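Worksheet for the structure shown next.
The values are calculated or read from the model by the stated rules, or taken from the named source; none is laboratory data. Note that the structure is predicted; figures quoted are calculated from it, not measured. No Cβ is skipped: glycine too gets one built from the backbone with ideal geometry, and neighbour counts run over all protein chains shown.
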Amino acid sequence: MPVQWNSEAELALIELVRAVPSLWDTKHRDYSKKLLRKQLYKKISEKLQAAFPDLEGIDAGKINCLDLVHALKICYFTSIL
């Protein structure tokens with residue numbers, strides 16, 4: 001089941017990803033390390049789960065990093081419309 005995001009959780013997700021340049025900066029030396037990026041996304045999902053336990057669908061053990069990226073894209077596109 002997809003996560004139902006609220007504005008506060010969306011902003012938290014954006015800030016958590018923004019704080020880790022190796023997740024989004026293609027020139028960062030660790031950007032190409034897929035295993036490391038997966039571990040970093042897992043840490044982000046754990047932080048989100050702790051901060052927003054009422055959000056359904058955030059399971060740090062099962063969440064896919066693509067789910068987080070998809071959520072970021074949705075946040076962006078809905079904000080520019």
Can you tell me which residue in segment 20-78 is modelled with the highest pLDDT, limited to those that are of a type in the set (Asp, Glu) and not in a loop (DSSP other than H, G, I, E, B)?
GLU46
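Can you pull out the residues in segment 3-19 that are in a helix (DSSP H, G or I), under 13 Å from SER45 (Cβ atoms) and among the β-branched types (Val, Ile, Thr)?
Let us first name the residues in segment 3-19 that are in a helix (DSSP H, G or I), namely 7-18.
The next check asks that each one be under 13 Å from SER45 (Cβ atoms); those that pass are 9, 12-13, 16-17.
Within segment 3-19, VAL17 is the sole residue that qualifies.
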List the pairs whose first member sits in segment 35-54 and is closer than 14 Å to TRP24 by Cα and surrounded by 17 or more Cβ atoms within 10 Å (Cβ to Cβ), whose second member is among the polar types (S, T, N, Q) and at pLDDT below 90, and whose Cβ atoms are under 6 Å apart, counting only residues at least 6 apart or on separate chains?
none
Mind checking which pairs have a first residue in segment 1-18 that is of a type in the set (Asp, Glu) and a second that is at pLDDT 85 or above, Cβ under 8 Å, 6 or more apart or different chains?
GLU8/PHE52
